[in-house]
1. Provide the net charge surrounding LEU40, with neighbours chosen by a C-beta distance below 12 Å and charges set as Lys +1, Arg +1, Asp -1, Glu -1.
2. Show me 71-77, 48-54 ranked by packing, highest mean number of other Cβ atoms within 10 Å first.
3. For a Förster distance of 22 Å, can you work out the FRET efficiency between the beta-carbons of THR74 and PHE33, rounded to the nearest 0.05?
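Here, each number is a calculation from the coordinates, and none is a lab measurement. As the structure is a computational prediction, the values presented were derived from the model and not from experiment. Cβ placement follows ideal geometry from the backbone for every residue including glycine, while neighbour counts extend to all protein chains displayed.
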Amino acid sequence: MKKVFFGMLVMALGFGTMSLTTINDQKVVNVVFGPTYTALWLGSCCESPLTAIERDIVKRGYPPTTQYLIISTTSNSVTYSIYP
C-alpha cells in the first residue's frame, strides 16, 4: 500500500512540475484603457448595471460595440473604463 501511495505521489508531483514549466512560456501584455466614466444606475431589481453602461455609451456617442471594463458599482452608479 505504501508503494502505491508513493507512486501516486511521485506522479502527482511530476504533473505539477510540468504545469509550472508552461507558465514561463506565457507573454505579458500591457492593456491600455481609455477614459473612465460613471453612469447613473437605478440599482433596482429590474435593471442590470450593464444596461446603464450601454445606455451611457450610446449617449456619449460611442458605437454600441464599444468594449468596456466595469471598475465598481454602488447602489446608484456604475464606474467603467473604455478600451481605446
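1. Details: positive: ARG55, LYS59; negative: GLU47, ASP56.
Neighbour charge sum, excluding LEU40 itself: 0.
2. Working: 71-77: 11.9, 48-54: 16.4.
Listed from highest to lowest mean packing, they are 48-54, 71-77.
3. Numbers: r = 20 Å, r/R0 = 0.91.
For THR74 and PHE33, the calculated efficiency is 0.65.
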